[in-house]
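A.B. asks: Please see the structure below; I have some questions.
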Amino acid sequence: MSDRRTSVARWTGNWRLVPLVVLIAVLLVAPLMMPSPTAQSLTDRLTPPLGFGGQRLGTDGLGRDMYARLVVGATNSLTVSAIAATGAAVLGVTGGLLAGMAGGWMDRLVSLLVESVLAVPFVTVGLMVTATIGQSTQAMILLLIGTGWVTYARVLRAQARSLSRSAFVEASFSMGAGRRYVALHHILPNLLPVFLVVYFQQIGAMLLWSASLTWLGIGAPINQISLGGIVRDGQDLLYNGWWVSAFGGLTIIYLVTALNLAADWLRLALDPVQKGHRA
Amino acid sequence: MALRQRSSDDDRCSITPFRISADAYVVIRLILTRIMQIVATIWLASSAVFLMIHLSGDPTQGFLPPGVSPEIRDQMRDELGLNDPVWQQYASFISRGFIGDFGDSWRDGQPALNAVLARLPATLQLATAAILLATITGIAYALASQRRGWMHTALQILPSLGQAVPTFWLGAMLMMVFAVKLGWLPSSGNRSASALILPTLTLALQPASSIARLLSTSMDDVVAADFVRTARSKGLGSNAVTRRHIAPNALLPTIALVGLQASFLVGGAVVVESLFAWPGVGRLALQSAIARDLPVVHAFVVVTAIGVIGINLLVDLLQLAIDPRLRSLPQVGAVNV
């Protein structure tokens, strides 16, 4: 009886993947049939969106097509976030595993670093970087990696610690398995689900952070189309062109929600213990 | 801190030369850990600023007009110690960072620390209002959403959505509706009490959503726990179970979260203060960074880091007071890592 019930539960849980799939489809197909996102047309400036007496999603203060800008901006912002989340994953997983499995002074060093990074808000580091070398996408990605790795390190350290003290690891050791064998065959495979969930959440978090930095004028440079930049462009047009900022922000909310839902989907799909049956 | 003093010999700690109770040992260890962290953070931040000053070329270009004669520029370099060996500059820079001497602002010549401290009250006012609002609404929402079935799932959508809303965008939209279109509330400054409303709402949404979401999840977990079933089975009333067993256990992760939020709140303050022209440290830091005024940025980073670590110490002590399990564990500093 439980077989059918779990398969139904899994199937109904799959709606969580729909927003991300729709998003990726739109980002792949849309560039084939849309106007240039950078073509200016001052006679068409601030055309309202469809339903407000205009067409598509309207135009911005320089007459550039909002739909095209949002598609390109979303693609750029997602790319930056994915690169940053991947870089942070490499750094954070290494740190978390070293701390959680080696223990001792290595654990203390990594924990001290994690706490210190957490004490310095990423925006302030962004301010320092901008004060020195100005705005650049590469610097922003490095900054996001430098602050984002601590999330992976915290989660994986805790997980690796509890796993290495669990009964099945003890059983494996008692049967004569070596440390390397236990690490590769018992601990790493059990860390994968947690890692994947954090990874998807982190892409969303990176998107919010990079958009904040860009909006403040300390992230991606002005000539690069990004979602934070679009909201910033619309900031001065709030009175007669509300749609520029509004659509930029709504796109960010959609992207982050889609990524968080995908992370939830992963957690449910990869968790062998169904909710309600937990010990 | 209402830590019970226990006198039995088993509780005494024999590692230290002084014979102190295990509770006191845990608290002292905790405070020392946080002090070490402050030292590490100041050192890291100061090193980063030092590196940046030297990476960005001649610092005198930052505050002398372009047409000034080379003699004056050289005299300035001498005064600032820029002609000394690099290691000597580094040592003096770091040690001055520890005593709060970040140098004078390159823009207006007043001590950088004073500039930051003068703006601190406005930021504290905003941050306190926001964290109070976030905690109250977050807890209220989590308690109100304790329903069974599909209502439970439906009520969890709102906090998830709230976490996806960018702070700067929410502020801009609130400003557009309530200040620009309706004209009900001021869009900038801190001259009237009503000017606090929009910045507080903007800053509070993210932490409120996080608190609501986490507390709701941990309530679900705790309600299903064995000790709650035991408490019910021994005939304890529903209210007593909630008060004595569910609430303290479910609150623990949320208290840890408030400590984490302190750091994000500083980032949020930079955004919100810039948007609403709130005269706090965040706005000062952004303006200083764009004007490349590194001493002020340096002072800002150190002051906020000390504040964040201080809040985390309070959170540690609060957890210790609520959760007796932590008092006997040897590694208290590591509980929220």
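A.B. asks: Name the helices (complete DSSP H segments) of chain B with a Cα length along the long axis of 27 Å or more and a Kyte-Doolittle mean of at least -1.0, or state none.
C.D. replies: Both cut-offs are met by B:22-55, B:112-144, B:197-223, B:247-275, B:294-322.
A.B. asks: What residues qualify as long-range amide H neighbours of residue B:104, i.e. H under 5 Å apart, gap of 5 or more or another chain, H built at 1.01 Å from N?
C.D. replies: B:112
A.B. asks: While we're on this one: Please report the relative contact order for segment A:16-278, taking Cα pairs under 8 Å with a sequence separation of at least 6, and give it as a percent rounded to a whole number.
C.D. replies: 24 percent
A.B. asks: At a probe radius of 1.4 Å, what is the per-residue accessible area of residue B:214, in Å² to the nearest 10?
C.D. replies: Ignoring ligands and nucleic acids, residue B:214 comes out at about 60 Å².
A.B. asks: Now for a separate question. How large is the helix-only mean residue ellipticity at 222 nm for chain B, computed as the sum of -39500 (n - 2.57) over DSSP H runs with n ≥ 4, divided by its residue count, in deg cm²/dmol to the nearest 500?
C.D. replies: -22000 deg cm²/dmol
A.B. asks: Ok, one more. Which distance in nm do the two modelled labels at residue B:221 and residue B:96 give, with both placed 7 Å along the Cα-to-Cβ direction?
C.D. replies: About 4.8 nm, to one decimal.
A.B. asks: Using DSSP to define loop residues, name the trypsin sites (Lys or Arg not before Pro) in segment B:215-266 whose beta-carbon has at most 13 other beta-carbon atoms within 10 Å.
C.D. replies: Passing both the DSSP loop test and the Cβ count: B:234.
A.B. asks: Same structure again: Check residue A:59: other-chain or 5+ apart residues with amide H under 5 Å from its amide H, H built from backbone geometry?
C.D. replies: Residues meeting the criterion, in which the H sits 1.01 Å from N, are A:46, A:47, A:66.
A.B. asks: Next question. How high is the relative contact order of chain B, given as a whole-number percent (alpha carbon pairs under 8 Å, six or more residues apart)?
C.D. replies: Once normalised by length, the contact order is 26 percent.
A.B. asks: Mind grabbing the accessible area of residue B:43 for me, 1.4 Å probe, Å², rounded to tens?
C.D. replies: 120 Å²
A.B. asks: Evaluate E = 1/(1 + (r/R0)^6) for residue B:317 and residue B:243, where r is the Cβ-Cβ distance and R0 equals 22 Å; express this FRET efficiency to the nearest 0.05.
C.D. replies: 0.50
A.B. asks: Chain pair B, A: how much accessible area is buried, both chains summed, with a 1.4 Å probe, in Å² to 100?
C.D. replies: 4300 Å²
A.B. asks: Taking a 1.4 Å probe, which of B:210, B:188, A:174 shows the most accessible area, and what order do the others take after it?
C.D. replies: Most to least solvent-accessible, the answer reads A:174, B:188, B:210.
A.B. asks: Report the label-to-label distance for residue A:102 and residue B:194 in nanometres (one decimal), using points 7 Å from each Cα along the Cα→Cβ vector.
C.D. replies: So the label points at residue A:102 and residue B:194 sit 6.0 nm apart.
A.B. asks: At 222 nm, what value in deg cm²/dmol follows for chain A if DSSP H runs of at least 4 each add -39500 (n - 2.57) and the sum is divided by all its residues, to the nearest 500?
C.D. replies: For chain A, the value works out to -23000 deg cm²/dmol.
The values are calculated or read from the model by the stated rules, or taken from the named source; none is laboratory data. These numbers come from a predicted model, not from an experiment. Cβ coordinates were reconstructed from backbone atoms using ideal geometry, including for glycine residues, and neighbour counts include every protein chain displayed. The accessibility values were calculated without ligands, DNA or RNA, using every heavy atom of the protein model including side chains. Shrake-Rupley method; radii C 1.70, N 1.55, O 1.52, S 1.80 Å.
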